[in-house]
Amino acid sequence: MVAVAVSAMPILATSASGSNLRPMLVTVSNPRHRPPGAARPSPQQRHRRRRGQRPRRAHSEPSSFPTMDTTDVPLQAEMVELVPNGKHAAMLTASAIPSLTGDRFEENQSGVAEMEEFLPHGAEKKQTHFTDFEGKTSFGMSVFNLSNAIMGSGILGLAYAMANTGIILFLFLLTAVALLSSYSIHLLLKSSGIVGIRAYEQLGYRAFGTPGKMAAAIAITLQNIGAMSSYLYIVKSEVPLVIQTFLNLEEKTTDWYMNGNYLVILVSITVILPLALMKQLGYLGYASGFSLSCMGFFLISVIYKKFQIPCPLPEQEGNLTGSLNATLVSTSDYQNGYTVLQTPEQGACTPSFFTLNSQTAYTIPIMAFAFVCHPEVLPIYTELKDPSKKKMQCISNISIAVMYLMYFLAALFGYLTFYGRVESELLHTYNKVDPFDVLILCVRVAVLTAVTLTVPIVLFPVRRAIQQMLFQGKDFSWIRHVAIAVVLLTFINLLVIFAPSILGIFGLIGATSAPCLIFIFPAIFYIRIMPKDKEPLRSTPKILAACFALLGVLFMIMSLSFIIIDWATGGGKSGGSH
Ligand SMILES: NC(=O)C[C@H](N)C(=O)O
């Protein structure tokens, strides 16, 4: 787990201490009067001017501010200026404006290109020439995209988690993590409803200025690069096995098509890159739907296999999985570079309802990782057709509920197939039975397809975070859009090919960035963004949010301690970063 992962923490600490940073809104009262250094008016503003229309004013009166979060119609983002330490625009003197322009206008401008589609769908809708950024993604496609963002390699670790908690405790913890995840999305949506912006990093900026934005962007980048690496690692280790089985080869050959390194590059170039180049997440809806059906097939097969595979397993003669296992690398055992067969309750064939052992501690990080989708929520909201907070919360709840059910069933039947002998990566456990089983082979292909199609979705927020960090204020550029995707994919490929042992660091990343993204950031951003006159610090929602942040901190400390103890004692489980 790379030490860089921890870098999000000091940044967060700095930002949290920057208590004099306050969000504010500034209204540009006369669009023809541009302060020196201010950004050019957006194409829409110019368009309206040509038509002799008054520029739309999102909130020119201070009194309009408290009503903002009560409406589900997003604010006119082009008029929202983000000033980390200011007061209301109405209170600013004209001379004060230029002194603030640099930072504000940069931030604003970056939002303009991305947020023109947020314009209200009121009377002006027909007059407005929307760019192709207008939210066009349907409710169903958004559910697919969000579910696909949630679903990833995390599902493969859940049966192992259940083996270490027992069915009842697992169900309790899974329910808790799912509910907390939904609450966290609620906080994100509420915050974004207040300020009319729909990017995680911009919420960070709004709450804590640049440190807040950087903390969010770094956490998103690390979390999602970790997730993508784990997906590509599955591709690298599983595709050669699939080909080997298809060709009915007993031994691995030295042909290029049996080499995971070449295959991962091939898959990246032919499948992932073209999808990652899509301008909008919404276009990935069909791919996400297909990815989900692959995972549906995985689930059905896991349930079916429960009734096919005897327990106890017939004793393996020698090394049944032979050459296959030699190449397997559990995604949670990167630092060791080999699969560790964990047998928490070796030999047992009766389900346990409540278990506590040394591995139980990893359950929460595994589950938290499995439910991370928060960097994708706001981009998906951005592209939603006729967006509203309620609609997006509904999309999130449906996605979380469906994934909750799939996670529980996959874990339950995976566990009930192998009981204590289930491995930390469920698919590997099936190797013990029959590595050449056709159904398992198809399941492998399905999981491979599913995780491969998830990469572009997870890449999307990273590109956005990088844009926010390095190219803030720049208009959309295809060259930059393509270049960031190519550089990111190249970097992840290099990691997976040349430094698989480094990937162990992503357990550490999972332990730091996941709690930040799920618990800490949504809560502290919410506390800062929600105006005190609307919700005082001691109001119930803010106290709840504070408890939520505290829970995240506890969770982070707990996960980090387990990982450190594990490393110190030479263990091999790095915190569920599958
Ligand atoms: N999107 C992510 O960060 C991880 C995803 N929830 C998974 O289980 O793989």
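Every read-out reported here was derived from the displayed coordinates using simple, explicitly stated rules and does not represent laboratory data. Everything numeric here is computed off the predicted structure, so don't read it as measured data. Counting neighbours? That spans all protein chains shown, and the Cβs are built from the backbone with ideal geometry, glycine included.
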Value of D in µm² per second that Stokes-Einstein yields for segment 183-223, Kirkwood Rh from Cα pairs, at 4 °C (1.567 mPa s): 128
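Can you give the percent of C-alpha pairs in segment 386-514 whose distance is more than 27 Å?
On the way: 3591 of 8256 pairs.
Tail of P(r) above 27 Å: 43 percent of Cα pairs.
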Rank these for me by crowding, Ser142, Ser288, going from fewest to most other beta carbons within 10 Å. Ser288, Ser142
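I need the shape label for segment 341-444. Rule: rounded when a/c is under 1.5, else prolate if a/b > b/c, else oblate, with a, b, c from the alpha carbon gyration tensor. Let's see the in-between values first.
Details: a/c = 2.94, a/b = 1.93, b/c = 1.52.
Taking the square roots of the gyration eigenvalues as a ≥ b ≥ c, segment 341-444 is prolate.
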Let me check I've understood the local charge: for Tyr200, count other residues with C-beta under 12 angstrom from its C-beta, Lys and Arg +1, Asp and Glu -1. What total comes out? +2
Amide H to amide H under 5 Å from Ala348: which residues, 5+ apart in sequence or cross-chain, H placed 1.01 Å off N in plane? Gly420
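Summing +1 for each Lys or Arg and -1 for each Asp or Glu, what net charge is found among the other residues whose Cβ lies under 14 Å from the Cβ of Ser288?
Values: positive: none; negative: Glu376, Glu383.
Result for the neighbourhood of Ser288: -2.
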Would you kindly derive the ³J(HN,Hα) couplings of segment 392-406 from the backbone phi angles with the Karplus curve 6.51 cos²θ - 1.76 cosθ + 1.60 (θ = phi - 60°), listing them in order in whole Hz, with x for Gly and Pro? 5, 5, 5, 4, 5, 5, 5, 4, 5, 5, 5, 5, 4, 5, 5
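Would you mind ranking Val438, Val496 by Cβ crowding within 10 Å, fewest neighbours first? Each step should come with its number before you reach the end.
Values: Val438 10, Val496 27.
Least to most surrounded, the residues fall as Val438, Val496.
Compute the signed sum of charges (Lys and Arg +1, Asp and Glu -1) over the other residues within less than 13 Å, Cβ to Cβ, of Tyr262. List each step's numbers first, then the result.
Details: positive: Lys236; negative: Asp255.
Summing Lys/Arg as +1 and Asp/Glu as -1 gives 0.
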Fewest Cβ neighbours within 10 Å first, please rank Met295, Met162, Met258 accordingly. Met258, Met295, Met162
